[in-house]
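Written out below as C-alpha cells is the structure these notes cover.
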Amino acid sequence: MSTIYTVTKLNNEIKRLLESDPAFHGLFVAGEISNYRPHPSGHHYFTLKDEGAAINAVMFRSDAARLRFRLQNGMKVVARGRVSSYPKSGQVQLYIAELMPDGAGALHVAFEQLKEKLYREGLFDEARKRPLPAIPGSIALVTAESGAAVRDMVRILGRRWPLARVRIFPVLVQGEGAPRSLCRALAFANRLAEDDLIITGRGGGSLEDLWAFNDEAVARAIAGSAIPVISAVGHEPDVTIADFVADLRAPTPSGAAELAVPDQTDVRAQLRQLEKRLETAYHRTLERRAQKVNLLGARLAAHSPAHTLAEKRAALTRQAERLERGFTGRLAERRLAADLAADRLSGLAAQKISQERERLNRAAVGLDAMSPLRVLGRGYALATHDGAAVTDAQTLRKGDRIQVRFEKGSAECLVEKTIKPRNPTKKPPPHNPQL
C-alpha cells in the first residue's frame, strides 16, 4: 500500500527535495516585478512573472541592503537565488540573494534612481571636485589591459607630453566582476599615491556593456579618490554615473588623453613667446637700471667729498678775494681817517699842551706863593706834635715833646709852659691842610 502523507509531511518533503537538489540552487531567473510590497522589517515580497507564469519571491533584509536601485512594479529584473517552499501554505517561492535590472527600461530606471540618490548626497557638486594638475608627472590608466581605448590613450599621451609617466592598472570593464575590479584598482592607485592623475574608462558598447560604470560602489570609489579622476566611458552620447562624480568628464578615452596633458608643441611655442617677453623685459629693466645707476652716479659725484671740497675751496677763494678787496678799501679809508685824525689830534694836542703848560705855570706860581717853605723863609716855623700841626698852644701840656721845622732843618723841643694869646677872641689864621 502506498505511503499516506499528511499535508504537513508532504509540504516538508517537497521543501526537502527542492533544497537538496543542486539544480535549484544558484538559479538565474528573469521576470517582471509585480505585487511589490516592502515590509517594515526590511524584507521585500513580490511576484516575479512573465507572459506564461508567476512565482512568489522574497528578498530578505540582509540581501536587500546590497541593492543599488529601488524596486518597483513593472521593472524587469534578473534574480539569482534558490527555490524552496513554505510548508505552512505549500507555496513554492524563489528566495533571491541578488537582483539586477534586466533590459534597457529597467537599467534606465536603476540609473535614474542612483543618480538622484548620489545627487542628493552632494557627490555631483562642482565645489567638491578637484582641479586637474596643469602638467601631471605620472598618469594612472584604470582600464582594460588591451583594446583600442588603452592604445589610443597611451599613443596620444606620448605624442602630446612624452615627459609624463603612464602606468596601466588593468581591470575588467564589463560583466559581473567589473565593479569590484574597478574599485580595487582605484583603491590601489590611491594607496600607492604615486600618480598625479587617474583616467578610468573604456571604449563604446551597449548600456549593459557600460553598466559597471553605473555601479554605486564604483561611483563612490571615484568620488572618494584623493587623486583627481577623469572619466572616459564609451562615446560622447554615452553618459554614466561615473561621469557625474568624476572631477572631469571626457567624451571618449582619446579625449581624456587630450584633456589630461598639454600639447608639447603649444608649450614650446608658449615658452618661446615667454622667452621673448622675458628678454624684452630684461633689456628694459637693464636699461632702466643703467639710467638709474647713471643718475645716482651723477648725484653721488655731485655730493662726493672731493667735489664738495672743491666747491668749498672755490667759495673760500672768492670769499678771501672779497675780504681782501674790502679790507684793502677799508684799510685805505681807515688810514686816511687816521691821518686826518692824527693831524687834528696833533693840532689839538699842541694847543692843549700849551694851555695846560700855561695853567701849570699859573698853578706853580700860586703854589709857590702859598708854599710853607716860603713862609718859613720869612722867619716862621712849623710845630708838630705826634705828626699833627700845632695851631693852638693850649693843646699842649708841659713836658710834651714837639718838632719844630725851620726853613733849614728842624729841632725837637720840650714844652716848659704854654702862654695864652693876648686877644682870645681873635681867631687864628686859617690852617692850610697842605702844610
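Kindly provide the set of residues from the stretch 165-184 that are small (Gly, Ala, Ser) and part of a helix (DSSP H, G or I), ordered by number. Break it down into steps so the answer makes sense when it comes.
As a first pass, look at the stretch 165-184 and keep what is small (Gly, Ala, Ser): 175, 177-178, 181.
Passing the criteria: 178, 181.
The condition (being under 23 Å from residue 264 (Cα atoms), outside any strand (DSSP E or B) and touching a Leu at 6+ places or on another chain (Cβ under 7 Å)) is satisfied by just one residue among 131, 136, 162: 136. When residue 146 is tested against (1) of a type outside the set (Asp, Glu); (2) farther than 20 Å from residue 245 by Cβ; (3) surrounded by 14 or more Cβ atoms within 10 Å (Cβ to Cβ), only condition (3) is not met. Kindly establish whether residue 87 is surrounded by 14 or more Cβ atoms within 10 Å (Cβ to Cβ) and closer than 26 Å to residue 26 by Cβ. Yes, satisfied.
For every residue, the table says whether it meets (1) of a type in the set (Gly, Ala, Ser); (2) assigned by TED's automatic domain parsing to the domain that holds residue 142.
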residue: 215; (1), (2): no, yes
residue: 220; (1), (2): no, yes
residue: 226; (1), (2): yes, yes
residue: 245; (1), (2): no, yes
residue: 270; (1), (2): no, no
residue: 282; (1), (2): no, no
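Checked against the criterion of being of a type in the set (A, V, I, L, M, F, W, C) and touching a residue at least 60 places away in the same chain (Cβ under 8 Å), the candidates 186, 157 yield just one match: 157. Here residue 264 meets each of (1) touching a residue at least 60 places away in the same chain (Cβ under 8 Å); (2) closer than 30 Å to residue 108 by Cα with one exception, condition (2). Report whether or not residue 172 is over 26 Å from residue 268 (Cα atoms) and modelled with pLDDT of 95 or more. When the stated conditions are applied, residue 172 passes them. When the strands (runs of 3 or more DSSP E) confined to the stretch 37-113 are screened for residues that are among the basic types (Lys, Arg) and not assigned by TED's automatic domain parsing to the domain that holds residue 215, those reaching at least 2 such residues are found at 76-86.
The values are calculated or read from the model by the stated rules, or taken from the named source; none is laboratory data. Quick caveat: nothing in here was measured; it's all calculated off a predicted structure. Quick reminder, even Gly has a Cβ in these numbers, built from the backbone with ideal geometry, and neighbours come from all protein chains shown.
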